[in-house]
Structure formats: C-alpha cells, structure tokens
Amino acid sequence: MAHHPQCFPVDNPTGSFWQAEEHVLSHHRSTEELLPHSDIVIIGAGYAGVGTAYHLAQEADDRIGSITILEARAACSGATGRNGGHLRPDLYGHIPTYIGRAGSRAGAEIAEFEIAHIRALKKFIEEEKIDCDLTVSRSIDVWCNEEAAKKAKEVYDFMVAKGFEYMDDVIFYTGENVEGVSTHYNGQNYQTNLYQICGVKGAIACASFTAATMWPYKFVMHLLQKLVAGNRINLQTQTPVNSIETDPTGGFLVQTPRGQIHTYKVIHANNAYVSGLLPEYNRNIVPCKGICCRITVPEGVKPPLLNNSYIHRTDDNTLSYLIPRADGSIVVGGAAAKFKSFKEQWYNNVDDSILIDAAKNYYDGYMQRTFNGWENTGAKVDSIWSGVMGYSYDSNPHIGHIPRKDNQFIIAGFNGHGMPVIWLAARELARMISHGIPFEDTTMPGLFKTSQFRIDRAMNGREEDGDILSTGKFLATKP
Ligand SMILES: Cc1cc2nc3c(=O)[nH]c(=O)nc-3n(C[C@H](O)[C@H](O)[C@H](O)COP(=O)(O)OP(=O)(O)OC[C@H]3O[C@@H](n4cnc5c(N)ncnc54)[C@H](O)[C@@H]3O)c2cc1C
C-alpha cells in the first residue's frame, strides 16, 4: 500500500513538561521480538490506542483474543503526552456549525457526548485510584474584543433559545464586573473591589461552565501499566508501522522495520498520522502543529489564585487555553492567530522536534499582561514544546469501520480536542469490534462516523473549503 511520505512521527520530539519524568514503560517491549501473530493490532499508543485496548481487554478473552500495540516512538509521546490538559466539552463553540449542517439533535448530541466525559472519567479515575491530578471546576471563556464579545453573546442566546437542557450549566456575563476589578470613589477615597469573575485585563464578556483538568500522560500510562501487568496486551514501542498488506491466505501483514505481524483486525489510532498508512484520509485528517508551555513563578511568590481553567481571547482575538495546576504552575497554549499566516510552520507539518517560530515567544510575560495581580510575580516560561494534532475537513473525528477495508477500523482526527471525546469513543469502538455491532447501535454522535461520503467530500473538495483553512476551526480551537 502506498503511503504519504511526510506523515510519520519524527523521532526527536521537543520535551514536554508532562513527560519530563519518564514512565518505566516509555520504551517497553513486552517481547524481544514481534509475535508472528496477534488477533488485533492497534497502531499508536496514545489516548485513543490505549483507551481502545483498555476497553477491548474488558471484554471476555475468548471474544477478543490477543492484542498488540505498535507505537512508532515512546509510549504516549504524541499529542496526548504534549497537550494542554484541558478536559473541556464544547457546549456552544462549534455546536451551532453542526446544527447548521445536520440539525439540532446532531449538534446537541456532540455536546452531550462530550459533557458525559467529565462524570465518566471522574468516576473511573476515582474507582481506579489513578494519580493524574484530576480537578473538576469551571472553565471560563473570556472575550476582550468588543465585536467578538457581541457575537459570543448572540451564539449563547441562540443556544439557550434552542432549549438544550445542558445549557443550564452555562452562565454568561457582560458589563462592568466581568474583568473582576472595579474601582469606585466613595466620597473620600477610591475603593477597588475584586469580583473574581474572570480576573482578565480588558475582559468585555465571559461565560463559564463545568469542565475538568488532568495530566493525560499519567492517565494513559496508568492504563498501559495495567494492561501490561495483566498480560492483556503485547506493547512494542519504537516500532513504526510502515505499511499494511493483505495476506493472500487471510488477514493482514503489518510491516515494521523490525519485521511483520500477521493479524485479523487493524485499529488505526495514530491520529494526525493516519494518512501515512491510509492515503484516502489525506485531505480528511491533516497534521497541524500546536504550541504549549508551562509557566512557573519563583519560589516563595504567591500569585493570585486561579481556581478555574480558561479560554482567553485577546483584543486581537488571539486564543489561548489555560489550566492552573495545584503546584502553582500554569499550562497554557494556543496562539494560532500569531502563526496562521506562516502556513508552512504548522499546516500539514509533523515536525514536533522544533517549536513554531512565529509563536515561540508569545508566552513570555503572558501572565503579567493577562491577569490582574500577576504583574510583579516574576512568572516565566519554564518549559515549552510543540505537538501535532489531527485536524479534519469537517471538524469531526473519524471513527468506525474504514469504508472498503474490511476488518480495519479508525479512531482519529480529534481536532486538538480529544480529551472530552476519546474515552467514550474508544469504549464504543471496542463494543463495535467485540460485539460486531454497527456504529448506529453505539452511543457515539452520528457525525463522528467515518464514511465514504466524508472521504470523497474532502478528497474531491478544495483544500481551502475545508474547515481547517476556511471557517477558522483551527484558529478558534477550543480544547
Ligand atoms: C499542543 C497541544 C495541545 C493540546 N491541548 C489539548 C487540550 O488542552 N484539550 C484537549 O482536549 N485536547 C488537546 N489537544 C489534543 C489532544 O492531545 C489529542 O486530541 C489527543 O491526545 C489525541 O490522542 P490520540 O491517541 O488520537 O493521538 P496521539 O496521542 O498523537 O497518539 C498517536 C500515536 O500514534 C503514533 N504513531 C503515529 N504513526 C504511527 C505509525 N505509523 N506506527 C506506529 N505508531 C504511530 C504516534 O507516535 C503517537 O504516539 C492538544 C494537542 C496538542 C498537540
């Protein structure tokens, strides 16, 4: 099978804060050599690949058989090991677009599916006692541009008017208290009140709803450890899949530089890189680079507490996603507006060994210029990294049976927004595979189903007409 030569992971990615302490399984190989046969082969050891393996392993062994995960680099070294840690469902950001395309229910079911992740993950993490810094709090959406704030309010009103029950969780603020600081003269002196709505300088409007934050690398490595310890999978790191051939005697031969594995079923969980092995997804899932960093304050300094996560849009509409961490540090990323015009630096680019030049200094002084009370904290970027996301032509992931490829499945294309999507999608894909049920019998939103129609639309359409380059989905990325 021919492949897209650019669409494979580079072997020396920038180091992210999340992976600074390497997990013992980072370079693990369950067996010295690849097994000659495995009933299922999963490509990619990120959230999607490991999540699917975990859910498959929950099924009875006689139903599932043996599972091998092949990972090109270290375990969980892709987007999952280098993201923003923001588990934030989309309640209204892109939902109106989906409503416009496919009707109210099609849009709402995406929001509902994403929202369900918070409780499902909280319950699972508590039951399994997974040490991954999970917090559940409010996420605050902030607009500092007058026009953008007005539009946001219109979208909010539109969504409320739709009567979706989940919108009850959203509160939208406009007016003078939004920024969180107001000064008034009481006849003798000026008094400053901290309202703590958002604390962002120049904020014109803000909204908040329930969201969560976590350490995705620790979460995924915990699952992996459990699978490996229980002998439920054969993990092979530093083993890129080069091609998949049909075996004339049945099944597939999965080719790697370390030899081949025979299998009956292949699951493509290599997100941004899927078109490397599946050229039909070339236009559908495009690797796009992002940038993210960790900001710390010098020891002994106590900056104002941030107990919510944020999406912050500046007056020039540069968007950042931000989470505060219990250790007092901040993880923040985005800044796409700063590099969008340098297309070669981010679009169709898998090189996460270098930062994005046009944005690499954007977070210097970010906390000081953004949040009230942070001016003299000495906050500075402590580590900065880049990562590769899989953006899709229509902003929805591709999940399910690969058209015209029996026994091959895909779970990819998460548009920089996989944290509130992958866990339950992986569970449902595992049910499809183990019980042989169709996509329609799962709880997944209909728009997530991969199909020949979606493949053709992107392959025959103009690149410029896809969401990545046209509607600004990439630029407006909300994790
Ligand atoms: C900078 C950045 C910030 C982000 N912030 C957030 C956020 O705050 N919230 C949010 O919801 N989402 C965020 N995302 C997106 C989120 O990280 C992804 O949606 C999610 O991690 C995707 O998981 P995955 O398993 O599909 O992909 P990945 O984690 O990328 O895993 C795919 C794996 O496949 C491997 N692979 C690729 N090709 C091959 C091959 N040929 N053979 C073998 N292995 C292969 C890769 O090495 C990789 O390990 C961010 C992403 C980035 C890059």
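The values are calculated or read from the model by the stated rules, or taken from the named source; none is laboratory data. All of these numbers come straight from a predicted model, not from anything done at the bench. Ideal geometry is used to build each Cβ from the backbone, glycine not excepted, and the neighbour counts take in all protein chains shown. Areas reflect the complete protein model, heavy atoms only, side chains present, ligands, DNA and RNA absent. Shrake-Rupley method; radii C 1.70, N 1.55, O 1.52, S 1.80 Å.
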- prompt: For the stretch 254-361, max minus min Cα coordinate along each principal axis, in Å, sorted largest first?
  reply: 57, 33, 23
message: Using helices alone, I'd like the mean residue ellipticity at 222 nm for the chain: each DSSP H run of four-plus residues gives -39500 (n - 2.57), total over residue count, nearest 500.
response: -7000 deg cm²/dmol
query: How much of ARG232 can a 1.4 Å solvent probe reach, expressed as accessible area in Å² and rounded to 10?
result: 80 Å²
query: Which peptide among 24-33, 448-457, 213-222 comes first, and what is the full order, when sorted by highest mean count of other Cβ atoms within 10 Å?
result: 213-222, 448-457, 24-33
- request: Sort out for me the Cα centre separation of the stretch 92-120 from the stretch 44-71, rounded to whole Å.
  value: 27 Å
- request: Output the DSSP H helices from the chain with an along-axis C-alpha extent of no less than 18 Å and a mean Kyte-Doolittle hydropathy no less than 0.0.
  value: 216-229, 422-435
- prompt: When only C-alpha pairs under 8 Å and at least 6 residues apart count, what is the relative contact order of the stretch 376-479, in percent?
  reply: 31 percent
- request: With the cut-off at 18 Å, report for the stretch 228-300 the share of all Cα pairs above it, as a whole percent.
  value: 59 percent
- prompt: Just for the chain, what percent of DSSP beta bridges are antiparallel, to the closest 5?
  reply: 75 percent
task: Could you pull the Rg and Dmax for the stretch 390-479, using just the Cα atoms, both in Å?
output: 13.5, 40
- prompt: Considering the alpha-carbon set of the stretch 1-77 alone, what are its Rg and its Dmax in angstrom?
  reply: 14.4, 41
message: Rolling a 1.4 Å sphere over the protein heavy atoms, what is the accessible area per residue of the chain, to the nearest Å²?
response: 41 Å²
message: Taking the full set of protein chains and a 1.4 angstrom probe, give the accessible area of THR174 in square angstrom, rounded to the nearest 10.
response: 90 Å²
field: Among SER320, TRP423, GLY81 - extreme Cα towards positive end, dipole of the chain, charges at beta-carbon
entry: SER320
field: Pairs of Cα atoms farther than 17 Å apart, the stretch 188-287, %
entry: 74 percent
query: Taking a 1.4 Å probe, which of TYR321, TYR173 shows the most accessible area, and what order do the others take after it?
result: TYR173, TYR321
statement: The relative contact order of the chain, taking Cα pairs under 8 Å that sit 6 or more residues apart, comes to a percentage of 23 percent
message: Give the separation of the Cα centroids, the stretch 254-289 to the stretch 302-370, in Å.
response: 29 Å
message: With the cut-off at 1.5 for a/c, could you classify the stretch 47-114 from its C-alpha gyration tensor as rounded, prolate or oblate?
response: oblate
message: Given the options PRO36, ILE110, THR249, identify the residue whose Cα lies farthest towards the positive end of the charge dipole of the chain (+1 on Cβ of Lys, Arg; -1 on Cβ of Asp, Glu).
response: ILE110
- request: Could you list the square roots of 5 times each eigenvalue of the Cα gyration tensor of the stretch 404-446, that is, the equivalent ellipsoid semi-axes, sorted largest first and rounded to whole Å?
  value: 19, 13, 9
query: When all alpha-carbon pairs of the chain are counted, what percent fall beyond 31 Å?
result: 41 percent
query: Dividing the alpha-carbon radius of gyration of the stretch 1-157 by 2.2 N^0.38 Å (N being the number of residues), what value is obtained?
result: 1.34
statement: Taking Lys and Arg as +1 and Asp and Glu as -1, residues besides GLY85 with C-beta under 11 Å from its C-beta add up to +4
message: Solvent-accessible area of ASP131, probe 1.4 Å, all protein chains present, reported in Å² to the nearest ten, please.
response: 100 Å²
- line: So for the stretch 129-172, using the alpha carbon gyration tensor with a ≥ b ≥ c as root eigenvalues (a/c under 1.5 gives rounded; past that, a/b versus b/c decides prolate or oblate), I'd call it oblate
field: Tensor-based shape of the stretch 302-366 (alpha-carbon gyration tensor, a/c under 1.5 rounded, otherwise prolate or oblate)
entry: prolate
